[in-house]
Amino acid sequence: MKKIIISLLLVAMISVMMIPAYAAGTSITVGEAEAFEGDEVKIDVAISGNSGFANGKFTVEYDEAVLELKGIDIEGKLLENGSSAINGAMISFASAENITEDGVLFTAVFTVKAGAELGKYTVKVTAEDMVTTDGAAVAAEVADGAVEVVCDHEWEWVTDKEPEGKEDGIKHEECKKCGEKRNEAPIVPDTGDSTVQTVLMMVSVIAMIAVAGTVSY
């Protein structure tokens, strides 16, 4: 019985040793941002729990009907610390030593196309062939990001209910572009009370008399 147990343990140990080494705990996060139609928007792609990598390929995926990729910026970012080849939405990276810092890998720069409908559009990044200098594969979990196209509102007052008698009416502000509503307010009825107008007229008459008397004097 003991021989069987020992044999099983040996088999298990050999099996574990044959499994490729992966660096665990590494995650890549794609940022989120809001933008108006025609705006330029920058999305950071950052790494955390970085156990170190020296090579890799990163590809940006997005909705081409809404967003136009203007470029990928690595200046001052982690991928600047090596040799990077940028081809459209793909970056191939190689370094003589492992990059072990957490931070922004690169920034994808987009323009929101004219006529883009309002909404949230997913931006994805695939990370492939990430390995260390000694050839150990790096498994990284990637969290998607997004660009949300929002409205640059143009507000106007809209009447919901006209005033009736002494009862107030109701109005609100509404965007002429997207229909969003805000700031409900009362509409005070015109009761026909001329008290204020009468007082103003009296003040005006008194002022005119005073001026006339001063001139005569």
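None of the figures in this text is laboratory data; all of them are computed from the coordinates on show. Please read these numbers as outputs of a predicted model, since none were measured by experiment. Heads up, the Cβs are rebuilt from the backbone with ideal geometry, glycines too, and the neighbour counts pull from every protein chain shown.
Expected output is a single nm value to one decimal: the length gained when fully extending between LYS161 and THR100, i.e. 0.36 nm times separation in residues minus the C-alpha distance. What is it?
Between LYS161 and THR100, full extension yields 15.6 nm more.
Let me check I've understood the local charge: for GLY169, count other residues with C-beta under 10 angstrom from its C-beta, Lys and Arg +1, Asp and Glu -1. What total comes out? Surrounding charge for GLY169 is -3. For LYS177, a cut-off of 16 angstrom between C-alpha atoms picks up these aspartates and glutamates, skipping any fewer than 8 places away in its own chain: GLU37, GLU117, ASP152, GLU154, GLU156.
Taking every pair of Cα atoms in the stretch 99-166, average 1/r, invert it to obtain the Kirkwood radius, and report Rg/Rh to two decimals. Please report the intermediate quantities before stating the final value.
Numbers: Rg = 23.8 Å, Rh = 17.6 Å.
So for the stretch 99-166, dividing Rg by the Kirkwood Rh gives 1.35.
Here LYS42 is the anchor, and the aspartates and glutamates within straight C-alpha reach of less than 16 Å, apart from those fewer than 8 places off in the same chain, are GLU32, GLU34, GLU61, ASP63, GLU64, GLU68, ASP73, GLU75, ASP144, GLU148. Here the label points at ASP168 and THR111, each 7 Å from Cα along the C-beta direction, are separated by 4.8 nm in the simple model. Under a straight-distance cross-link criterion of Cα-Cα below 30 Å, which lysines are reachable from LYS166, leaving out those fewer than 8 residues away in the same chain? Partners within reach: LYS181.
More than 24 Å apart: what percent of Cα pairs in the stretch 32-128 qualify?
Values: 1145 of 4656 pairs.
Summing the P(r) of the stretch 32-128 above 24 Å gives 25 percent of all pairs.
Inter-label distance, ALA137 to SER27: 2.2 nm, where each label sits 7 Å from its Cα along the C-beta direction. Here each label is just a point 7 Å from Cα along the line to Cβ, and for LEU118 and GLU75 those points are 3.5 nm apart.
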